[in-house]
Amino acid sequence: MRYRELGKTGLMVSEIGFGTIPVLSGNVPVLPDYYSPDVPEAVDIMMHAYRMGCNLYDTAIPEEYGDAEYKLGVFAEKVGRENIIISDKARFMDGNDMFREVIRSAETLGTDPDIYFVHQVDEKNQDETFSRYGALDALCDLKKAGRIKYTGIATHYYSVAERAAADSRVDVIQTSGNILERGILDRIAGKDIFRDKGLILNKVYAAGCLLSVFQPSELIGGVLHWPFSCALIGIGTKEQADAAMKEEFPPKHYSFDEVIARLNEHFSPVRCTRCQRCVCPHGYEVHIMLRQYNYYHLGKHYWAMKKLRMNIAEVYENCRRCTERQCMKSCPQGLMIPELIGMIYEMTL
């Protein structure tokens, strides 16, 4: 296992981190896959990863990750709290709510987390998160009080990540990307403003979708050239831990055309990198619909179709009538977005 410095925190984190979603038990409907190990089994899986050099373990509150937070706390006590780094998160943007959740997380874990993230910050809730007395302010107060060591913002949106990078209160940014959905990573790599922040990457397997076409070694090695500190991999079995951590994968740069060519062997993918430049005047998130089209053909049939059917008819009707076509003008891939939205609409009928 190789290690990288996490921004200016002084922490050295394992290049591959342990995402705890798959070790939860119970019913958490928003999550696609998990393995429901009991507490001893879950601790054993985390210990297996630790023995291969993993030292960063990422979790979230019970409403999001079930009992994974508790299981991680049991593991932390067994392995020795000083030997691992715990990152935790909660999806609350109000400062009072966030303060309460951090204290509750510490109680569930049986220890104070090292890094705490405001989770799922998006373009609609970011103002509350960054505002005075918002969630980020609460994390700063908790940091001053010694209840956490570092503050974090977790987001799937480049605009939010850029705002976090410009904010001196933020120590670590967690965002998503992989060899297909590389748009955010490419934009981060081109901006000096991110240099002093710790960067943690999730969705390396695209919620498991890309494993139907690529090997773990390809997906992990394929992201290691981007300037983040730790790639989080969801681990639910020892075999998954071995696939992600047993070997040190050399960084390998796959061109976007190479990735699309591999996918073309299975279906005709939309050439979207999720750079999020396709701003829609009606406020629709085009990149999410294009992603769900690809995910559908990569095996997430029910999950992707359910999301697409939420508002695709409305999007299609407005897209059909739109004359501005700003989304197309902003797309680096030159995608014919109205035609793609029409294709997706027809698919959902």
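The values are calculated or read from the model by the stated rules, or taken from the named source; none is laboratory data. None of these values were measured; they are calculated from a predicted model. Cβ coordinates were reconstructed from backbone atoms using ideal geometry, including for glycine residues, and neighbour counts include every protein chain displayed.
In table form, for the structure just shown:
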quantity: Among (1) buried (at least 22 other Cβ atoms within 10 Å of the Cβ); (2) modelled with pLDDT under 95; (3) over 15 Å from the mean Cα position of the chain (by Cα), the one test that residue 283 misses; calculated: (1)
quantity: Residue identified as outside the structural domain of residue 219 (by TED's automatic domain parsing), closer than 16 Å to residue 211 by Cα and of a type in the set (A, V, I, L, M) among 313, 261; calculated: 261
quantity: Considering residues of the stretch 81-101 that are crowded, with 20+ Cβ neighbours inside 10 Å and of a type in the set (D, E, K, R) only, the residue farthest from residue 128 (Cα to Cα); calculated: 88
quantity: Test for residue 170: is it in a helix (DSSP H, G or I), in contact with a helix residue (DSSP H, G or I) (Cβ under 9 Å, 6 or more places away or on another chain) and modelled with pLDDT of 95 or more; calculated: no
quantity: The stretch 81-99, residues that are under 21 Å from residue 198 (Cα atoms), of a type outside the set (A, V, I, L, M, F, W, C) and touching a helix residue (DSSP H, G or I) at 6+ places or on another chain (Cβ under 9 Å); calculated: 83, 88, 89, 91
quantity: Selection count, the stretch 4-26, where residues are on the phi < 0 side of the Ramachandran plot, surrounded by fewer than 22 Cβ atoms within 10 Å (Cβ to Cβ), part of a loop (DSSP other than H, G, I, E, B) and at pLDDT 95 or above; calculated: 3
quantity: Subset of the stretch 199-231 (residues that are among the polar types (S, T, N, Q) and either under 16 Å from residue 242 (Cα atoms) or outside any loop (DSSP other than H, G, I, E, B) (or both)); calculated: 202, 212, 215, 217
quantity: Subset of the stretch 110-160 that is under 19 Å from residue 7 (Cα atoms) and of a type in the set (Phe, Trp, Tyr) - its residue that is farthest from the chain's Cα centre (by Cα); calculated: 150
quantity: Residue within the stretch 177-198 that is in contact (Cβ under 8 Å) with a residue 24 or more places away in the chain, buried (at least 21 other Cβ atoms within 10 Å of the Cβ) and closer than 16 Å to residue 90 by Cα present; calculated: no
quantity: Of residues in the stretch 53-68 being buried (at least 24 other Cβ atoms within 10 Å of the Cβ) and touching a Leu at 6+ places or on another chain (Cβ under 6 Å), the one farthest from residue 155 (Cα to Cα); calculated: 68
